[in-house]
Amino acid sequence: MTSLIDRMCLLFVTHQCNLNCVYCYEKFKSPKRMTLETAKRVLADELRVFEERATGGTLTIDFMGGEPLLNFDVIRETCRWLWESYPNAPYRPEMRTNGTALTPESMKWLEENRSRIRVGLSLDGVAELQDMNRSGSSSKIPVEFFLRNWPDIPLKTTISPQSLSLLASSAINFHERGIPFSLTLAQGVDWGDEAPQLLKEQLLTLADYYTEHPELKPEPSLFVDDFRGLSRSDPPSFPMCGTREEIVAYNADGERSICHLFTEPTIGIELAKLYRDKTNTPTILPEDPDCAPCPARPICKRCPGFNLVATGSLHLQDKRVCRMMRTLVHVNCIIWLKKNEQRALRGELDEEEMQLLRWALDHLEPTDPSLT
């Protein structure tokens with residue numbers, strides 16, 4: 001049986017953005033915009049390749065930026081061309097927007113076509129947090145427009161060092177409003193000396209909220225669902241994910257890259273040229289030697305793209321985030337032990353759970369003095 005394999009085509013319809021988010025990793029923005037002709041050429045090739053591979057699945061066409069809605073006309077006309085020229089092909093257009101570049105015209109068109117194009121909103125939290133992170137934009141975003149038309153698409157929420165003190169209150173606010181969200185810590189930023197302790201306090205506050213509301217699912221990027229995954233041992237290498245055939249990115253000129261992190265807006269023209277051909281990159285990368293003893297190793301985002309942006313290397317990790325990842329482990333150990341302490345006292349843990357108990361106890365104390 002042929003397995004179904006999805007492919008994602010990331011289309012930078014513009015390198016421009018109307019905001020200046022504090023954690024943005026796209027340091028080489030420019031006024032460049034993709035033309036309709038370029039979009040058609042790229043997608044015609046992608047659809048042909050996808051059909052020739054005959055692996056089934058879906059080709060996701062992700063309109064990106066910058067802020068993609070700054071080139072709304074090309075998005076609209078590209079979709080019209082796709083729907084007319086490839087009515088039965090297995091593709092799915094989508095985009096993620098900051099929501100501030102919507103116009104009455106684009107809102108009307110998107111709402112009319114909400115079943116044919118998926119649109120997600122990046123919104124970092126309560127108004128104070130949003131304004132800290134995203135150029136004072138909280139009052140400019142019609143949040144209800146997105147919730148009404150795409151209620152199943154979680155808000156993309158990012159926490160920066162500046163807004164860390166509002167992590168718990170923002171997450172609780174979204175939960176109490178019944179708004180789905182996906183929360184992550186910003187990468188490629190300097191978290192500073194006080195952030196690990198503050199993160200610990202915020203996570204414990206949020207953990208108490210989840211204990212009081214067991215019907216809610218804790219945010220998976222912060223709280224470990226399967227604690228067994230924390231204690232596993234990974235091999236001393238990791239895949240260069242961008243070398244897979246399931247993802248590709250195109251800049252505004254239609255030039256191909258490994259993924260969005262290897263495009264011109266993120267790493268500049270020269271590095272983007274260097275990594276444009278996937279054959280220039282290894283399939284398997286060696287592990288950063290500093291990572292081997294780290295308890296956060298199983299959950300750490302060892303992304304070659306972010307590594308390149310932060311350290312200039314595909315495999316050397318950004319050490320500024322290390323204490324934050326160890327804090328996640330530390331807090332998850334506290335939570336697991338709290339959940340299971342009574343069962344442990346009653347001798348109800350099985351052999352595997354006892355091993356997890358010992359692992360949690362071994363890693364309960366943080367390895368950084370600033371976390372105590």
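At-a-glance table
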| item | result |
| --- | --- |
| Count of residues meeting criterion [under 9 Å from residue 161 (Cβ atoms) and within 21 Å of the chain's Cα centre (by Cα)] in region 186-215 | 5 |
| Pairs where the first residue, in region 208-220, is assigned to a loop (DSSP other than H, G, I, E, B) and the second is open to solvent by 80 Å² or more (accessible area, probe 1.4 Å), C-beta under 8 Å, 6+ apart | 218/225 |
| Count of residues meeting criterion [in contact with a Pro (Cβ under 8 Å, 6 or more places away or on another chain), hydrophobic (A, V, I, L, M, F, W, C) and outside any helix (DSSP H, G or I)] in region 221-255 | 1 |
| Any chance residue 125 is under 23 Å from residue 183 (Cβ atoms), exposed (fewer than 14 other Cβ atoms within 10 Å of the Cβ) and not aliphatic (A, V, I, L, M) | no |
| Residues of region 137-148 that turn out to be free of Cβ contacts under 8 Å to residues at least 40 places away in the same chain and under 22 Å from the mean Cα position of the chain (by Cα), as a count | 2 |
| Qualifying residue in region 107-117 (condition: out of contact with any helix residue (DSSP H, G or I) (no Cβ under 8 Å at 6 or more places or on another chain) and touching a residue at least 12 places away in the same chain (Cβ under 8 Å)) | no |
| Test: residue in region 345-356 that is open to solvent by 60 Å² or more (accessible area, probe 1.4 Å), part of a loop (DSSP other than H, G, I, E, B) and among the acidic types (Asp, Glu) | yes |
| Spans of helices (runs of 4 or more DSSP H) in region 80-195 with at least 2 residues out of contact with any Cys (no Cβ under 9 Å at 6 or more places or on another chain) and farther than 30 Å from residue 43 by Cβ | 127-133, 143-149, 167-176 |
| Yes/no for residue 64 being within 25 Å of residue 112 (Cα to Cα), of a type in the set (A, V, I, L, M), open to solvent by 40 Å² or more (accessible area, probe 1.4 Å) and touching a residue at least 60 places away in the same chain (Cβ under 8 Å) | no |
| Subset of region 1-55 that is crowded, with 18+ Cβ neighbours inside 10 Å and of a type in the set (Phe, Trp, Tyr) - its residue that is farthest from the chain's Cα centre (by Cα) | 50 |
| Extreme residue, farthest from residue 335 (Cα to Cα), among residues of region 194-207 that are in contact (Cβ under 8 Å) with a residue 60 or more places away in the chain and touching a Ser or Thr at 6+ places or on another chain (Cβ under 8 Å) | 194 |
| Pairs, first farther than 21 Å from residue 258 by Cα in region 291-320, second assigned to a helix (DSSP H, G or I) and polar (S, T, N, Q), C-beta under 8 Å, six or more apart | 298/231 |
| Subset tally (residues that are assigned to a loop (DSSP other than H, G, I, E, B) and among the polar types (S, T, N, Q)) for region 38-79 | 2 |
| Residue in region 187-194 that is farther than 14 Å from residue 322 by Cα and either open to solvent by less than 40 Å² (accessible area, probe 1.4 Å) or not aromatic (Phe, Trp, Tyr) (or both) present | no |
| Any hit, region 279-292, residues being open to solvent by less than 20 Å² (accessible area, probe 1.4 Å), among the polar types (S, T, N, Q) and within 17 Å of residue 190 (Cα to Cα) | no |
| Residue identified as open to solvent by 40 Å² or more (accessible area, probe 1.4 Å) and part of a helix (DSSP H, G or I) among 316, 261, 271 | 271 |
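Conditions tested, residue by residue: (1) out of contact with any Pro (no Cβ under 6 Å at 6 or more places or on another chain); (2) closer than 21 Å to residue 12 by Cα; (3) at pLDDT below 95.
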site: 49; (1), (2), (3): yes, yes, yes
site: 52; (1), (2), (3): yes, no, yes
site: 61; (1), (2), (3): no, yes, no
site: 103; (1), (2), (3): yes, yes, no
site: 106; (1), (2), (3): yes, yes, no
site: 146; (1), (2), (3): yes, no, no
site: 149; (1), (2), (3): yes, no, no
site: 163; (1), (2), (3): yes, no, no
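The values are calculated or read from the model by the stated rules, or taken from the named source; none is laboratory data. Just so it is clear, the model here is predicted, and its values are computed rather than measured. So basically every Cβ, Gly included, is an ideal-geometry build from the backbone, and we count neighbours across all protein chains shown. Side chains included, ligands, DNA and RNA excluded: accessible areas come from the protein's heavy atoms. Shrake-Rupley method; radii C 1.70, N 1.55, O 1.52, S 1.80 Å.
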